[in-house]
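Encoded as structure tokens, the structure appears first; notes follow it.
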Amino acid sequence: MPRSSSIPEAPRSCSRRETGLHSSGAGLLDFDEVLVRAWPPGQVVGTHSHPFAVKALVVQGEMWLTEGGDTRPLKPGDSFEPGYAAPHAERYGSKGAVYWAARRNTRPD
């Protein structure tokens, strides 16, 4: 399926710092894949978890992430890192949201 030109593509070749998907200590070298996730306006995703860890960067729109009873707004430039199998919920703004998500598919030690 052709990609809409309004959805920012994940970088093909740049440093971890340039993507914004970095943090002190851990980089992306231990992640298995990077995906572009685009969500429609007003989408609500109830509490769920994934069998992988995620390090993500919001690149378009706005969203709210709820983890451990705390909800925080996220806008372009903000990052979030739900841990392996960490319960969380998501709500997307009036224009939807796009984020780049690096996944680590193996269970942590």
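On the basis of being in a loop (DSSP other than H, G, I, E, B), over 24 Å from Asn105 (Cα atoms) and small (Gly, Ala, Ser), does Gly42 make the cut? So Gly42 fits the description; yes.
Of all residues being within 10 Å of Met63 (Cα to Cα) and charged (D, E, K, R) in segment 80-92, which is most open to solvent (accessible area, probe 1.4 Å)? Just the residue, please.
Looking only at segment 80-92, we keep the residues that are within 10 Å of Met63 (Cα to Cα), and these are 90-92.
Remaining after also requiring charged (D, E, K, R): 90-91.
Details: Glu90: 14, Arg91: 108 Å².
My answer is Arg91.
Does any residue of segment 57-76 turn out to be on the phi > 0 side of the Ramachandran plot and touching a residue at least 40 places away in the same chain (Cβ under 8 Å)? No, every residue in segment 57-76 fails to be on the phi > 0 side of the Ramachandran plot and touching a residue at least 40 places away in the same chain (Cβ under 8 Å).
Condition check ((1) aliphatic (A, V, I, L, M); (2) farther than 23 Å from Phe31 by Cα; (3) surrounded by 17 or more Cβ atoms within 10 Å (Cβ to Cβ)) across all residues:
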| residue | (1), (2), (3) |
| --- | --- |
| Val44 | yes, yes, no |
| Val58 | yes, no, yes |
| Leu65 | yes, no, yes |
| Asp78 | no, no, yes |
| Ser94 | no, yes, no |
| Thr106 | no, no, no |
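Within the set Ala102, Ala89, the sole residue that is over 13 Å from Ser49 (Cα atoms) and either part of a strand (DSSP E or B) or hydroxyl-bearing (Ser, Thr, Tyr) (or both) turns out to be Ala102.
The values are calculated or read from the model by the stated rules, or taken from the named source; none is laboratory data. Nothing here was measured: the structure is a model prediction, and the numbers come from that model. Because the Cβ atoms are built from the backbone with ideal geometry, glycine has one as well, and the counts that use them run over all protein chains shown. Heavy atoms of the whole protein, side chains included, go into the accessibility calculation; ligands, DNA and RNA do not. Shrake-Rupley method; radii C 1.70, N 1.55, O 1.52, S 1.80 Å.
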